[in-house]
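First comes the structure, then the notes that go with it.
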Amino acid sequence: MSPLRVLTVDDEQLALRRLKLLLQTMPQVDHVGEASNCCDALARINELHPNLLLLDIKMRDGSGFQVVEAVAERANPPAIVMVTAFDQFAARAFDSAVVDYLLKPVERDRLARALSRVQERLKAVDAEQRADELQQVLRNLRAAPNGNGETPYETEFWLRNSSGLVRVPVDAIDYVSSADEYISIHTPSGAHLMRGSIRQFAHRVEPGLFVRVHRRWLVKRSAIAELSTRQTGRAEVVLRNGLRLPAGRVHVKQLRHMVRTH
């Protein structure tokens, strides 16, 4: 069988690099290219003609489901494996006739199983059937409650801990701090690590729920009790639980206005 021609699509450069390195170790796989947004992905699909997309679900310029919608119109669409940091997207991915899904960070053995599944499916299902299945995806997306297939803002996260996955409602999050390639999500019951950045987290939750107080901290508005100034002149955000976080100088003006009007 001919090698799988794989295009990777993700808006995180570290995720793209991880996939590239993993794919280089896989037999019968040709990593033909990568894209960092939906628009670039569609251009690369037209240019490179991959027969498999490893497709991130949430990107800065839209949703991976928009890419599914676009390729559904093609006569010979590629197979699709969704890549996501959020377990709740798995059911929707399979409802969309996607071949498989991978949870971030992607592990080599799990990727190998997904590629094997793709190869078996490409042998068993012809291009016309794949096109019909993706047309059904298109109809499902257009029939979604919001009418356009866009995923809503997150109301909860499923995060890994030592015992497995734990549900963390957005309402339970007091603040988020940066931790190298991860962010630490702080709740009254403890902290949880999630791969990504503060900026990416802010894009995934409803606008206005959280406010940036420092380059390293994002705080839930309703968790802020006051903005205080120490004798040194440094501003601090005081949370309702008594925790004090330093406020960055570029954020102080916005924070003062927010506290006055809160």
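No value in this document is a laboratory result; all are computed from the given coordinates. Bear in mind that the values here come from a model prediction, so they are computed numbers and not experimental data. Note that we place each Cβ from the backbone using ideal geometry, even for glycine, and neighbour counts take in every protein chain shown.
List of remarks:
- Of all residues making up segment 1-26, the number that are in a loop (DSSP other than H, G, I, E, B) and in contact with a helix residue (DSSP H, G or I) (Cβ under 8 Å, 6 or more places away or on another chain): 5
- Applying the criterion of being closer than 23 Å to H203 by Cβ and outside any loop (DSSP other than H, G, I, E, B) to the residues of segment 45-61, the residue that is nearest to the chain's Cα centre (by Cα) is K58.
- Of the listed requirements (1) loosely packed, with under 14 Cβ neighbours inside 10 Å; (2) of a type in the set (K, R); (3) touching a Gly at 6+ places or on another chain (Cβ under 9 Å), R216 misses just one: (1).
- Looking only at segment 106-126, residues that are aliphatic (A, V, I, L, M) and free of Cβ contacts under 8 Å to residues at least 40 places away in the same chain come to 3 in all.
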